[in-house]
Amino acid sequence: MDLTQVQGNLLIESIRLAAEAGLVRERDVAVDGTKVRAAASKHRAMSYARMTEREEALAAEVDQYLAEVEAADAADDAEHGENDRGWTAPPDLADAQKRLATIRAAKARVEAEARERAEAKQAERKAAAEAAGKPAPEPPKDPPTPDPKAQ
């Protein structure tokens, strides 16, 4: 059993004990996230290759978490009936979605820079060919890809 399962089981047992003691109602329990001050460093910067890996991992994490929440919500609705409050994303999911959006935006910027460099290089080749009296070179068939180490 991994640490996440142990933590999840511990949380469930704590909620059940608190509900039995009349301290909380099971439908009103929320998980709190702790914020820690941190400083950016070159070791936290992401290369394009790492952005791609993290994007896939975070997208999978968000999808898995949403599926678990939807299943738990459906089971809760079946047991207790539907409520009017609706579902709101917990802080840790909101953070994961924010990180995913940030990574996707950074990745898009790196890809745009690669396209701009490729277009500039193509324009230089075209100008050089025209100056030499040769036909313009064909543009590359594949879209430009960023250097995997680009940050």
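The values are calculated or read from the model by the stated rules, or taken from the named source; none is laboratory data. Model, not experiment: these values are computed from the prediction. Don't worry about glycine lacking a Cβ; one is built from the backbone with ideal geometry, like all the others, and counts go over all protein chains shown. Accessible surface areas use protein heavy atoms only, side chains included; no ligands, DNA or RNA. Shrake-Rupley method; radii C 1.70, N 1.55, O 1.52, S 1.80 Å.
Before moving on, here are some points about what is shown:
- Hey, Ala114 touching a Pro at 6+ places or on another chain (Cβ under 8 Å) and closer than 27 Å to Leu58 by Cβ or not: yes
- Filter result (modelled with pLDDT under 75, within 28 Å of Leu58 (Cα to Cα) and of a type in the set (Asp, Glu)) within the stretch 78-101: Asp92
- Scanning the stretch 112-151 for residues that are in contact (Cβ under 8 Å) with a residue 60 or more places away in the chain and open to solvent by less than 100 Å² (accessible area, probe 1.4 Å) yields a count of 4.
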